[in-house]
Amino acid sequence: MLKQSALALFFAAATFAHADITPLDCTQTGPDEYKLSYTLTGNTHTVEIFASTNAQQPTGSALLKTGESTVTLHAGKPGERVFFFLKADSGEQREISIRRLPLEGTPNFRDLGGYETTDGRFVRWGLLYRSGVLTYLTPADYSYLSHAGIRVICDFRTPEENAAAPETWIPNDTAKHMALPIGTDDKNHNTNAAMQQMLATNPTPAQLRDWMTKVYANFAFTAAPEYAEVFAELKNERLPLLYHCTGGKDRTGVFSAFVLLTLGVPEQTVLNDYALTNRYLREANPAAIKKMTAASGSSASFMAKLTPEQQKAMMAADPEYLRATLRAIDAKYGSFDNYRRTELHVSDADVQTLRKRLLNN
């Protein structure tokens, strides 16, 4: 068995100039059972698979050495987050974990790790988390999350939403809580009130999609100060960091796009990550969805009166909504990079620092 220090050096020697292990997926199939699937390309014929509760490095000896592209493994203990490290015979190392955390109290809590950038690097696991409302976390959820070491929690919800579903977190935890409400005042054009007025007109699904597209396009301009504050925490290396709204889709989805684009993740990958909300909410327990909807405050009563088609237009993570934001940025600023510099206050030097910190190099 390799000692931990020697094992760390073993993995540190791996390079990320190419991706011979791709695509990579991890699904939890039991309390301590995981299914890994991937494709071995190039000069890669076998991989050694290690596991750890530490997101940054494996511990212990390899669980398996295999040339198979799909494997089922037992690792960790029930209630633990497990990260897998794949070391190829060609020298490449890849890391993978489950993306959506199996929490009882919120259905859309997920890790931004593992996404590949345009220069062949990957977002590190266990540093950036996005979620919906945290009000209904259970003691089991607290136990699961206590190992994540989250240092900052950024809440994009309005005071009304927080009154309807007050923020909760791990008891006696020392994480910094930041209220960064989006959609609360004239600066943000009273988004919630405008939505209620619009819903009262019994709009068609097409009208709702058009409204959502315009709302998203406006996020880039009205919510930039709040998003900039989250970037300030990232620049100050306040990691791991969690940000969330009520559903974990709209305000959270836009910020996820901004941080992934800043790290060099391609736009199509960003849109695909945004659309994952559809899958996770579809798979969620109906009771969790009901609680999440109720957490939206006065808007919940309006949403309850909508037809299923209208609700789908409002609740769907339609990539076109997010794409509208990115095209609005291009139209006004010429590029996302110009917007990032002027509105998010993230300089080119900051980008290099964040990439060094948040990407596997």
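Which stretch or stretches of segment 80-116 have amide N atoms under 20 Å from the point lying 7 Å from ASP32's Cα along the Cα→Cβ direction?
80-85, 97-98, 102-103
Taking the chain as the reference, fit the longest principal axis to its C-alpha atoms, fit the long axis of helix 319-333 to the helix C-alpha atoms, and give the angle between the two in degrees, 0 to 90, nearest 10.
Here the helix axis deviates by roughly 80 degrees.
Place a +1 charge on the Cβ of each Lys and Arg in the chain and a -1 charge on the Cβ of each Asp and Glu, then give the dipole magnitude about the Cα centre in debye, rounded to the nearest 20.
Roughly 120 debye for the chain.
Tell me whether segment 115-161 comes out rounded, prolate or oblate; compute the Cα gyration tensor, take square roots of the eigenvalues as a ≥ b ≥ c, and use a/c under 1.5 as the rounded threshold.
The shape class here is oblate.
From the list (i) 20.8, 68; (ii) 22.7, 72; (iii) 23.1, 80, can you say which value of Rg and Dmax of the Cα atoms in Å was derived from the structure given?
Answer label, from the structure shown: (i).
Taking amide H positions as placed in the peptide plane 1.01 Å from N, state which residues far from GLY248 in sequence (5 or more) or on other chains have amide H under 5 Å from it.
Residues meeting the amide H criterion: VAL133.
Could you check which residue among ASN272, ASN108, ASN172 shows the biggest mean-square fluctuation in a GNM of the chain with a 10 Å Cα cutoff?
Looking only at ASN272, ASN108, ASN172, the largest GNM fluctuation is found for ASN172.
Pop out the ³J(HN,Hα) list for segment 235-249 in order, Karplus 6.51 cos²θ - 1.76 cosθ + 1.60 with θ = phi - 60°, rounded to Hz; leave Gly and Pro as x.
5, 8, 6, 8, 10, x, 10, 10, 10, 7, 10, 8, x, x, 10
If you stretched the chain out fully between GLU104 and GLU320, how much longer would it get, using 0.36 nm times the residue separation minus the C-alpha to C-alpha distance?
Gain in length upon complete extension: 74.8 nm.
Each label point is 7 Å from the Cα along the Cα-to-Cβ direction; what then is the distance between the points at ASP210 and SER347, in nm?
Distance between the two pseudo-spin positions: 4.5 nm.
Using Cα-Cα distances under 8 Å and only pairs 6 or more residues apart, what relative contact order does segment 100-360 have, in percent?
Result for segment 100-360 is 28 percent.
In whole Hz, what ³J(HN,Hα) sequence does segment 39-47 give by Karplus (6.51, -1.76, 1.60; θ = phi - 60°), x for Gly and Pro?
10, 9, 10, x, 8, 8, 10, 9, 9
For the cross-link pairs LYS249/LYS312; LYS332/LYS356; LYS214/LYS249; LYS249/LYS332, which exceed 19 Å when the distance is taken from alpha carbon to alpha carbon?
From LYS249/LYS312; LYS332/LYS356; LYS214/LYS249; LYS249/LYS332, over 19 Å: LYS332/LYS356; LYS249/LYS332.
Return the FRET efficiency for the residue pair ASN272, ASN172: r is the Cβ-Cβ distance, R0 is 51 Å, and the value is rounded to the nearest 0.05.
0.85
Explain nothing, just compute: Karplus ³J(HN,Hα) = 6.51 cos²θ - 1.76 cosθ + 1.60, θ = phi - 60°, for every residue of segment 27-36 in order, whole Hz, x for Gly and Pro.
Listing the rounded values in order: 10, 7, 10, x, x, 9, 10, 9, 10, 10 Hz.
Between VAL152 and residues 5 or more places away or on another chain, which pairs have amide H atoms under 5 Å apart, with H built 1.01 Å from N, and which residues are they?
LYS176, LEU242
In degrees, nearest 10, range 0 to 90: what is the angle between the Cα axis of helix 205-222 and the longest Cα principal axis of the chain?
Tilt of helix 205-222: around 70 degrees.
What percent of all Cα-Cα pairs in segment 260-361 falls into each 5 Å bin, going from 0 up to the bin containing the maximum distance?
2, 10, 14, 17, 15, 13, 13, 11, 4, 1, 0
For segment 196-275, which GluC sites (Glu not before Pro) are in a loop by DSSP, counting at most 15 other Cβ atoms within 10 Å?
Counting only loop positions with at most 15 other Cβ atoms within 10 Å, the GluC sites (Glu not before Pro) in segment 196-275 are GLU237.
Per-residue accessible area for LEU180 at 1.4 Å probe radius, Å² rounded to 10?
10
For segment 15-98, what does the accessible surface come to per residue with a 1.4 Å probe? Please give it in Å².
Using a 1.4 Å probe on heavy atoms only, each residue of segment 15-98 averages 43 Å².
Leaving out ligands, DNA and RNA, and with a 1.4 Å probe, what % of the accessible surface on the chain is carbon or sulfur?
The nonpolar share, carbon plus sulfur, comes to 52 percent.
If you take the charge dipole of the chain about its Cα centre, with +1 on Lys and Arg Cβ and -1 on Asp and Glu Cβ, which of THR293, GLN57, LEU271 is farthest toward its positive end?
Towards the positive end, the residue furthest out is THR293.
Let me have the relative contact order for segment 15-98, percent, based on Cα pairs under 8 Å that are six or more residues apart.
Contact order relative to length: 35 percent.
What is the helix-to-structure angle for 251-262, meaning the angle in degrees between its Cα long axis and the longest Cα principal axis of the chain, kept from 0 to 90 and rounded to the nearest 10?
50
The values are calculated or read from the model by the stated rules, or taken from the named source; none is laboratory data. These numbers were taken from a predicted model, which means no experiment stands behind them. Ideal geometry is used to build each Cβ from the backbone, glycine not excepted, and the neighbour counts take in all protein chains shown. In case anyone asks, the SASA skips ligands and DNA or RNA and just uses the protein heavy atoms, side chains included. Shrake-Rupley method; radii C 1.70, N 1.55, O 1.52, S 1.80 Å.
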